[in-house]
Amino acid sequence: HVNRETKMAPSQSVADVKNQEKVMNFGDLRCLHGMHNPIVTPFTANGEIDEEALRVLIRRNIAKKIEGLYMCGTIGEGLLMSTEERKEVFRIAADESDGKQTLIAHVGALRTRDAIEMAQGAEQCGYHAISAIPPFYFFYNFEEVKSYYSDIVGSVNLPMLIYNAPDYEGVHFTIEQF
């Protein structure tokens with residue numbers, strides 16, 4: 001985990017940080033062709049993930065020949081779920097799609113370690129890509145936002161889609177900054 005003030009991991013020295021060159025590599029996104037639907041996450045009356053309803057939604061998308069699914073994004077209410085709930089949605093979608101669709105997991109979170117845990121969970125489930133909103137609420141500068149994405153991307157071997165909706169997130173940046 002990187003210290004926000006010094007940008008250093010506990011085991012790094014100032015010299016290590018100054019000599020380190022981090023290059024953002026968002027990976028190969030060629031697997032993302034065709035139509036990709038954002039999937040609503042259905043819940044029971046008790047607020048639990050409705051697994052059977054989620055499986056029905058996924059089967060309907062398969063039947064309609066939708067090439068990919070975007071799980072736990074805005075319409076999927078990912079930010080309203082716990083890390084464990086989101087990983088469960090990733091697992092259900094991977095199981096139900098059974099390799100028939102490209103899967104993208106939205107892993108954005110306020111805490112980098114939660115985003116990394118979800119990215120690793122998605123990778124273990126066989127997802128093809130991850131996506132994340134930038135960290136918000138605490139008015140992070142661009143270097144902190146870049147570090148957040150770099151830490152997530154560096155934790156898995158999946159390409160990253162940056163979720164950029166500045167009017168909702170309050171974070172403004174361009175891809176050229178990366």
_Normalised by the empirical 2.2 N^0.38 Å for globular proteins, what value does the Cα Rg of the range 99-155 take?_
1.16
*For the range 47-153, what are the per-bin percents of Cα-Cα distances with bins 5 Å wide, up to the bin holding the maximum?*
2, 13, 24, 22, 18, 10, 6, 4, 1
*Semi-axes, largest first, in whole Å: what does sqrt of 5 times each Cα gyration tensor eigenvalue give for the range 35-89?*
20, 13, 8
_Loop only by DSSP, 10 or fewer other Cβ within 10 Å of the Cβ. Give me the GluC sites (Glu not before Pro) in the range 60-151 that pass, ordered by residue number._
none
_Distance in nm between pseudo-label sites at ASP114 and PHE142 (7 Å out along the Cβ direction from Cα)_ = 2.7 nm
_Reach of LYS64 by Cα under 17 Å, taken over aspartates and glutamates that are not fewer than 8 positions away in the same chain_ = GLU96, ASP98
*Could you work out how far apart the two model spin labels at HIS33 and GLU176 are, taking each label as a point 7 Å from the Cα in the direction of the beta carbon, and quote it in nm?*
3.1 nm
*Along Cα→Cβ, 7 Å out, is where each label goes; now give me the distance between the ones at ALA165 and GLU67 in nm to one decimal.*
2.3 nm
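No value in this document is a laboratory result; all are computed from the given coordinates. Given the structure is predicted, the values throughout are model-derived calculations rather than measurements. Cβ: placed from backbone, ideal geometry, glycine included. Neighbour counts: every protein chain shown.
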